[in-house]
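This report refers to the structure that appears directly beneath it.
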């Protein structure tokens, strides 16, 4: 599904029931927004790992502005602050008062910013493999310069300079950097799952 919010078209997918039977009445389930990492990525990594969450909440998978299946937008709007505002606009678009938010990696930064800016609208906050600030960047740059291949160093410049020019460059970044993120990285799985 898509929502036109804050001047951009945001893709989201809803999974699970909002109402479930409980003896003789229907009970509303909590709504959990899932915010993916890596600007330029998408929500697909959550799809294979969220079965247990589906049993307890209605899930709303969100592709950040200009990422995944969301439409390209003005690159000047690809900011943490804008992504935070987009989450709140989507919450409002769906007619929800309070939401639970799960953020992974960069999505965790968006989730933390959302909880700080709109605490009255957050029922629960779940953070996965994230950081509370950009201070980690100096360490990441040092690690890539010491341990990274020339290809990894090259694609990291796109990320650090905020200079991805195409979805193909985002794909090249993930393919090159996968082995630094995980010893079990499988480039073939990335190829199969990458949105085309």
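The numbers here are math on the coordinates, done by the rules we state, and not lab data. Since this is a predicted model, take the numbers as computed values, not measurements. For neighbour counting, all protein chains shown are included, and Cβ atoms are generated from backbone atoms with ideal geometry for every residue, glycine included.
Between the range 90-118 and the range 1-44, how far is it from one alpha carbon centroid to the other, in angstrom? Their Cα centres are 11 Å away from one another. Ranked by the mean number of other Cβ atoms within 10 Å per residue, highest first, peptides 16-23, 74-81, 109-116 order as 109-116, 74-81, 16-23. Within the chain, DSSP assigns beta bridges of which about 45% are antiparallel (rounded to the nearest 5). Per-peptide packing, taken as the mean over residues of other Cβ atoms within 10 Å, places 58-66, 134-142 in the sequence 58-66, 134-142 from highest down. With coordinates expressed along the principal axes, the C-alpha atoms belonging to the range 16-121 extend over 52, 30, 21 Å, beginning with the largest. Helices in the chain, meaning DSSP H runs of at least 4 residues, each add -39500 (n - 2.57). Divided by all residues, the mean residue ellipticity at 222 nm is -12000 deg cm²/dmol.
Ranked by the mean number of other Cβ atoms within 10 Å of their residues, highest first, the peptides 84-96, 42-54 come out as 84-96, 42-54. In this simple spin-label approximation, residue 125 and residue 25 carry label points 7 Å from Cα along the Cα→Cβ vector, and these lie 3.2 nm apart.
Per residue, the average separation of C-alpha pairs within less than 8 Å and at least 6 apart gives the range 1-111 a relative contact order of 33 percent. Using only Cα positions of the chain, each an equal point scatterer, no hydration layer, compute I(q)/I(0) via Debye at q = 0.13, 0.19 Å⁻¹ and quote the log10 values to two decimals. Each listed q corresponds, in turn, to -0.72, -1.44.
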